[in-house]
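The values are calculated or read from the model by the stated rules, or taken from the named source; none is laboratory data. Keep in mind the model is a prediction, meaning the values are calculated, not measured. What goes into the accessible areas is simple: the full protein's heavy atoms, side chains included, and nothing from ligands, DNA or RNA. Shrake-Rupley method; radii C 1.70, N 1.55, O 1.52, S 1.80 Å.
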Amino acid sequence: HTISYFKNNKTLAKKAHFIAFDKNLRPDFRSDAVKIISWSSTEDDLSLFQKLLDYTQPIQVQKTAIWALGETTGIASCSIMLENWTTFVPEVRDEAVKIFMVSDERQELLLEAVQSSKIQQSTIGWSRTVSLLNSKNDSIRKFSRSILQGNQTSADAVWFDYQAALSLDRKSVV
């Protein structure tokens, strides 16, 4: 019931827009305003959330703007995050990766960004990488395995190198 009150209250939404951009207010207060905006947001608000991703904004406000973008459907929000990716600090990037993990469509966009080096593989994190590598969606799983497992050495290669090391003369190694 509470959220429906915010969705239908135009006066409150208008005030929230002003509060979200008031740099004189505390970041937590501004973040709350962003959440209120997101509850009644439209496609037009995507540009508002994008403005809040500016690196001069407090991290808390940026993270809330990422969350608000994630509440939208489709991949437009992820495209906005990719446009701003280079300005994000690690904390904000982690929040953004969470949004990419929400749907297969967004996961595919994330993997394409890793493949094109827009996003570093290490940014995804171990648990999310494992999730992608074991996705129930065949195409996501195959795509993940083709780009996220590239740095692994095969067991045979390790074994052959080990065998070669065993046959080395100790005097020639020193």
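Each 10 Å bin, from zero up to the one with the longest distance, holds this percent of the alpha carbon pairs of the chain: 9, 30, 25, 16, 9, 5, 4, 1, 0. Given in Å, the Rg to one decimal and the Dmax to the nearest whole number for the Cα atoms of region 13-58 are 9.8, 27.
For region 8-144, the solvent-accessible area works out to 54 Å² per residue, with a probe of 1.4 Å and every protein chain left in place.
Taking every alpha carbon pair in region 38-120, what does the distance histogram look like in 10 angstrom bins from 0, in percent? For region 38-120, the pair-distance distribution reads 19, 56, 24, 1. Dividing the helix sum by the residues of the chain, where each DSSP H run of 4 or more adds -39500 (n - 2.57), gives a mean residue ellipticity at 222 nm of -20000 deg cm²/dmol. Dividing the convex hull volume of the alpha carbon atoms of region 81-135 by its residue count gives 72 Å³ per residue.
If you roll a 1.4 angstrom probe over the protein chains with everything in place, what fraction of the accessible area of region 26-93 belongs to carbon and sulfur, to the nearest %? Please report the intermediate quantities before stating the final value.
Details: 1660 of 3170 Å².
C and S atoms contribute 52 percent here.
Within the same chain, aspartates and glutamates fewer than 8 places from Lys15 are excluded, and of the rest, those with a Cα less than 15 Å from its Cα are Asp32, Asp45.
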